[in-house]
Every structure is written in C-alpha cells, then in structure tokens.
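Taking it in order: structure first as structure tokens, then the write-up.
The values are calculated or read from the model by the stated rules, or taken from the named source; none is laboratory data. Quick caveat, the model's predicted, so the values are computed rather than measured. Cβ coordinates were reconstructed from backbone atoms using ideal geometry, including for glycine residues, and neighbour counts include every protein chain displayed.
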Amino acid sequence: HGRVGMLAAVGFLVGEAVESKTVLFNGEISGPAIGQLAQVNPLLWVFLGAGIAKAETMRAEIGWVEPENVPFDKPGQLRDSYIPGDIGFDPLGLKPESEEDFIAMQNKELQNGRLGMLAAAGFLAQELVDGKGIIE
C-alpha cells in the first residue's frame, strides 16, 4: 500500500502538470486529477487489471508454498526463505548487502510509503472539497 501511495502522490501532481501537453490519451484528459480516471478509455482498465493479476500471481509463486504441498489445516503457508516485500527484483543492485542496512532501508521505505498515503489522501480530500486541482 505504501508503494501505491507514493505513486499516487506523484501521479496526482504529474497528471495535472502535464494536462493536455502530452500525446498520451491525445491530450483529451483534463481537470483535477480526481476526475481524470473517469475520462480514461475503459480498455486501459482491462490491460491494467491483467498486468496486476500477472504481477500478483508471480509474487504468490515466489512467496507461497504450492497448495498441493500444504497441509489442509494450514492454507496459505509462506515459504521459509520468503521475506515479505522482497521478491528478488533489484535490477539496479540497490539492495544493501548487510542485514542492518537492509532493515534501515525497509524502515525508510515504510515511513515514506505512509507519508505517500497521507499525501494522496490529502490531495484527494482537497480536490473533493474545493473542486480545484492540486497545482491550481
């Protein structure tokens, strides 16, 4: 949720800053960011949903034991080697080598994620109350 919150906070600002200045969606999407989702072609949601389903399936395959290998009374058992949030995706090699540094980075990401969720909620509330965009 924190990563989505951080992306949402940036998305609110970028969506309004580049409004009608981009070839994406032919510049037809306008207004405060809170109303822009309703203006997007519904086909985008099909592709977005399929992408999310694929990503979540891959994450489940990494973290969870196969259902046929789990006792009936313990459904959803995690692998012993699985660390929540760590799916082995680090193309830039930014993951710290030491356990202490890794925990510090996880805590920073958690705190920034919480801030991102609060920022997105604040942007949403402001646009609902006054009907104006964040940048206005």
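Worth a mention:
- Looking only at region 9-25, and only at residues there that are among the small types (Gly, Ala, Ser) and surrounded by 18 or more Cβ atoms within 10 Å (Cβ to Cβ), the one that is modelled with the highest pLDDT: Ala9
- Pairs meeting the criteria (first residue in region 32-59 and farther than 28 Å from Ile135 by Cα, second residue surrounded by 10 or more Cβ atoms within 10 Å (Cβ to Cβ) and hydrophobic (A, V, I, L, M, F, W, C), beta carbons under 8 Å, at least 6 apart or on different chains) are Met58/Ile87; Arg59/Ile87.
- Among residues of region 100-120, those that are aliphatic (A, V, I, L, M) and surrounded by 14 or more Cβ atoms within 10 Å (Cβ to Cβ), counted: 4
- Taken over region 26-80, the residue count meeting the criterion of being of a type in the set (A, V, I, L, M), surrounded by 10 or more Cβ atoms within 10 Å (Cβ to Cβ) and assigned to a helix (DSSP H, G or I) is 13.
- Among the residues making up region 94-123, a single one is under 18 Å from Leu13 (Cα atoms) and in contact with a Phe, Trp or Tyr (Cβ under 6 Å, 6 or more places away or on another chain): Phe123.
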